[in-house]
1. From G121, G115, G75, which residue is over 14 Å from A33 (Cβ atoms) and of a type outside the set (A, V, I, L, M)?
2. Output yes when any residue across region 98-118 is out of contact with any Ser or Thr (no Cβ under 7 Å at 6 or more places or on another chain) and closer than 14 Å to I178 by Cα, and no when none is.
3. Go through (1) away from the ligand (no atom under 14 Å from the Cβ); (2) out of contact with any Leu (no Cβ under 9 Å at 6 or more places or on another chain); (3) within 20 Å of F188 (Cα to Cα) for A155 and report which single condition fails.
4. Just for strands (runs of 3 or more DSSP E) wholly inside region 167-268: which have at least 2 residues that are in contact with a His (Cβ under 9 Å, 6 or more places away or on another chain)?
5. For residues that are over 30 Å from A292 (Cα atoms) and away from the ligand (no atom under 16 Å from the Cβ), scanning just region 160-185, find the one that is surrounded by the fewest Cβ atoms within 10 Å (Cβ to Cβ).
6. If you check S214, S241, which single one turns out to be over 16 Å from the mean Cα position of the chain (by Cα), surrounded by fewer than 12 Cβ atoms within 10 Å (Cβ to Cβ) and of a type in the set (S, T, N, Q)?
7. Could you give every pair whose Cβ atoms fall below 6 Å, whose first residue belongs to region 33-47 and is outside the structural domain of I119 (by TED's automatic domain parsing), and whose second residue is more than 9 Å from the ligand (Cβ to nearest atom) and at pLDDT 90 or above, counting only separations of at least 6 or pairs across chains?
8. Out of (1) over 24 Å from K233 (Cα atoms); (2) touching a Ser or Thr at 6+ places or on another chain (Cβ under 9 Å); (3) assigned to a strand (DSSP E or B), what's the single condition that is false for S148?
Amino acid sequence: MYEGIRSPVIHTPKTQNEFNTTILRYPNAQIWAGGTYIMSQKEYYPSDSKDGIIDLGGMDEIKKITRNDRFVEIGSMVSASQLLYTGKLVLPEILQETLETLASQIVRRQITIGGSLCIPGVRLALSTTLAILDASAEFKFFQEGRVSTHWIPVARMYDKEGKLALGSERALLTRIRIGLDYGDFHSFDTVEDPIRNMDKCVIFAFQAKRTQNSLSKVQFCMNFPTKAFHMSKDIESKLSSLTLPIRPERINTISYELVAELRKQHSTITELQLERGRRMFESVLHELNSKALQT
Ligand SMILES: Cc1cc2nc3c(=O)[nH]c(=O)nc-3n(C[C@H](O)[C@H](O)[C@H](O)COP(=O)(O)OP(=O)(O)OC[C@H]3O[C@@H](n4cnc5c(N)ncnc54)[C@H](O)[C@@H]3O)c2cc1C
């Protein structure tokens, strides 16, 4: 019955140096973090891969959370639940809200930060929020016997469809860094289950600073998991020059500008998703208005 299935070789490095030696020797090995995404794929069992699996579970140096007065650093093997539990006092609220939307408590124990950001073809919740928080990721790149280290902003790790775009070299995400100077208004929302209904789902993260009645440092990311990872400098800067409350007609015109931009740049987004995205965007601007009127 099990003829033809053989166990893959599992490498278990304990340190970064051991990982480096392993990946340089077995460049086609599958990097395994929590395994939740890998195991959800058809034919995940690496029977064809000659180089086996590299399990990151023993690498304690990438399981740490540290903080100083300017930023928090989170190791790539920190799990979503560990981050929620330990990071309660140090994390931006929008990041906590995002982590709470990931699957169930049990699955969150398994999902890692590195695994969430490095899924090759699909963008999900954590990438969306970390992109607007200006987080950066430290990568080790491996090629022709050499190891190099680069910091890459999370917002630039992906192409416009949201696919991981790090080039052809093997890469290991080791930690992320999030600055502590973020906006005082934020919103995170998801429509439809991103795993079961990926083609209908929209994930939206937004943050801004409010000083008296003016809006500044607006950043947002609208994510259509398999189709578009959209950030717009143009619309961000239009919003960043507005005074609160924003006139309803302006909210309406700017939301249609966003739709026009999405249509032009990403032809595969459906009308349903576009309308969902537009409503999510408008609703955040109305929420900003109502907060401004309360103060
Ligand atoms: C039932 C269920 C529901 C879920 N619901 C949601 C949801 O609602 N929203 C959401 O956003 N997510 C959700 N997820 C999580 C998401 O789909 C992924 O499964 C998860 O983020 C992957 O994390 P992991 O640590 O298990 O990664 P793995 O599956 O181990 O790896 C994922 C990919 O990243 C690569 N990789 C892992 N770590 C590194 C690293 N340090 N450097 C370089 N490459 C690396 C692996 O090689 C692989 O290609 C859900 C998952 C499950 C199982």
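The values are calculated or read from the model by the stated rules, or taken from the named source; none is laboratory data. These numbers were taken from a predicted model, which means no experiment stands behind them. Heads up, the Cβs are rebuilt from the backbone with ideal geometry, glycines too, and the neighbour counts pull from every protein chain shown.
1. Of G121, G115, G75, the one residue that is over 14 Å from A33 (Cβ atoms) and of a type outside the set (A, V, I, L, M) is G121.
2. No, region 98-118 contains no residue that is out of contact with any Ser or Thr (no Cβ under 7 Å at 6 or more places or on another chain) and closer than 14 Å to I178 by Cα.
3. So A155 meets the others, but not (2).
4. Ranges flagged: 202-211, 214-224, 228-230.
5. Out of the qualifying residues, it is K160.
6. Working: S214 fails: surrounded by fewer than 12 Cβ atoms within 10 Å (Cβ to Cβ).
Of S214, S241, the one residue that is over 16 Å from the mean Cα position of the chain (by Cα), surrounded by fewer than 12 Cβ atoms within 10 Å (Cβ to Cβ) and of a type in the set (S, T, N, Q) is S241.
7. Going by the 6 Å Cβ cut-off, there are no qualifying pairs.
8. Unmet for S148, out of (1) over 24 Å from K233 (Cα atoms); (2) touching a Ser or Thr at 6+ places or on another chain (Cβ under 9 Å); (3) assigned to a strand (DSSP E or B): (2).
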